[in-house]
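Only one structure is covered here, and it is reproduced in the block below.
The values are calculated or read from the model by the stated rules, or taken from the named source; none is laboratory data. Here the structure is a predicted model, which is why all the values come from computation and not from measurement. Neighbour counts run over all protein chains shown; Cβ positions are idealised from the backbone, glycine included.
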């Protein structure tokens with residue numbers, strides 16, 4: 001890390017400003033992340049930028065979180081491919097079609113499925129998007145709207161449930177930072193759930209949009225008109241990120257609905273059994289699916305492992321994009337962007353305004369940096385003692401930080417949530433982010449009002 005980051009000041013924001021301008025002008029995210037990262041390395045390390053860029057990329061790739069991401073998402077791709085090859089997805093489509101005969105009921109089923117798969121947002125997005133896309137296609141639902149429903153249900157429900165990977169992670173941060181005693185992190189987290197306003201509001205807005213209470217407007221309206229009037233469901237460029245754009249599998253005759261529900265149910269239960277460990281969950285589910293499908297004769301061992309490999313290959317492009325986003329977030333940390341933002345925001349933090357300021361400042365920071373859980377690791381150890389120091393409620397402060405992470409992720413072009421929801425739904429991630437953004441700001445508006453009210457209570 002450069003020694004003179006304190007001298008950068010506002011200049012630390014230049015790579016992020018360039019990235020956002022590049023994305024809005026060119027609609028190209030992959031190239032924008034690469035160029036903005038290089039700008040950050042040149043700014044921080046001058047002529048030695050290439051060496052440090054190489055070291056940072058190696059560090060990102062060898063980081064335990066990145067390896068976890070590759071294993072979990074890669075094998076989730078395998079599970080999805082196996083369910084498709086085993087006929088489970090087709091059987092699920094028939095099963096839902098008998099119960100959801102209209103466009104609106106199909107979208108409500110999509111939302112409901114997202115709510116009940118609350119263990120992990122990756123599992124949620126990849127499962128719901130993959131399974132519901134063929135069904136929503138029959139009702140001419142734009143892939144942008146499907147991606148919005150998937151994305152705006154996944155993280156919000158996970159951050160509100162105390163037996164999710166999000167809850168376990170945030171609870172561990174609370175214990176590591178000293179905010180909660182050892183073994184008390186989850187109890188502390190549960191007391192912050194009522195104040196996670198954005199999670200509640202985002203989760204509520206989705207069915208209101210489906211039912212027409214909240215109208216379809218902005219870029220989403222144009223996407224829906226394109227889908228319904230022209231029959232073009234996915235925006236241009238979606239095939240690059242669509243995890244279903246690769247190899248197609250022949251579906252067996254008379255597919256069984258149990259070949260869908262049993263692997264998904266086993267994945268959820270095994271994840272919970274191994275202390276909410278998704279990595280153990282996906283590995284065990286691959287083994288379980290082998291034992292479930294092979295005796296039925298719907299595929300042989302060779303076909304099984306071909307499907308496993310095909311599923312991993314389908315996830316490569318989204319994972320490459322996530323790695324580039326992590327690299328960009330890393331160089332932003334190295335130049336001190338987040339520290340600069342927090343230090344600047346501290347000057348306006350009163351007990352009454354603290355929750356609102358935390359939500360807005362950290363949400364915008366997450367939008368710019370795409371840190372994902374990395375923002376929580378940095379902000380939670382700061383937010384709790386800061387709340388105590390100024391006389392604010394620390395539970396509300398943590399709720400504001402959690403809300404900021406979800407909101408910023410929702411409106412970010414290159415957050416892991418945006419990328420994986422786009423990949424599963426078969427929607428170009430730029431178009432997904434642009435169409436979801438107005439609803440993200442709508443949720444943020446009501447969230448800000450909530451934190452303002454609570455701050456003055």
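Checked against the criterion of being within 22 Å of residue 125 (Cβ to Cβ), at pLDDT 90 or above and under 19 Å from the mean Cα position of the chain (by Cα), segment 253-260 contains not a single residue that satisfies it. In this structure, residue 207 does satisfy being modelled with pLDDT of 90 or more and surrounded by 15 or more Cβ atoms within 10 Å (Cβ to Cβ).
Collect the residues in segment 300-309 that are farther than 10 Å from residue 74 by Cα and part of a helix (DSSP H, G or I), keeping them in residue-number order. Passing the criteria: 301, 302, 303, 304, 305, 306, 307.
If we scan segment 37-45, do we find a residue that is free of Cβ contacts under 8 Å to residues at least 24 places away in the same chain and loosely packed, with under 15 Cβ neighbours inside 10 Å?
No: segment 37-45 contains no residue that is free of Cβ contacts under 8 Å to residues at least 24 places away in the same chain and loosely packed, with under 15 Cβ neighbours inside 10 Å.
Look at (1) at pLDDT below 90; (2) outside any loop (DSSP other than H, G, I, E, B); (3) exposed (fewer than 15 other Cβ atoms within 10 Å of the Cβ) and you find that residue 342 fails only one, number (3). When residue 348 is tested against (1) over 18 Å from the mean Cα position of the chain (by Cα); (2) more than 14 Å from residue 192 (Cα to Cα); (3) in contact (Cβ under 8 Å) with a residue 40 or more places away in the chain; (4) surrounded by fewer than 23 Cβ atoms within 10 Å (Cβ to Cβ), exactly one condition is not met: (3). Inspection of segment 367-385 finds a residue satisfying the criterion of being in a helix (DSSP H, G or I), in contact (Cβ under 8 Å) with a residue 60 or more places away in the chain, under 17 Å from residue 151 (Cβ atoms) and out of contact with any strand residue (DSSP E or B) (no Cβ under 9 Å at 6 or more places or on another chain).
Could you tell me whether any residue of segment 273-280 is within 14 Å of residue 91 (Cβ to Cβ), assigned to a loop (DSSP other than H, G, I, E, B) and at pLDDT below 90? No, segment 273-280 contains no residue that is within 14 Å of residue 91 (Cβ to Cβ), assigned to a loop (DSSP other than H, G, I, E, B) and at pLDDT below 90. For segment 116-126, a residue qualifies if it is closer than 20 Å to residue 169 by Cβ and either over 13 Å from the mean Cα position of the chain (by Cα) or not in a helix (DSSP H, G or I) (or both), and the qualifying residues are 117, 118, 119, 120. On inspection, residue 405 qualifies as crowded, with 24+ Cβ neighbours inside 10 Å, under 20 Å from residue 185 (Cα atoms), within 22 Å of the chain's Cα centre (by Cα) and at pLDDT below 95. Number of residues in segment 193-232 that are within 22 Å of the chain's Cα centre (by Cα) and under 18 Å from residue 110 (Cβ atoms): the value is 11.
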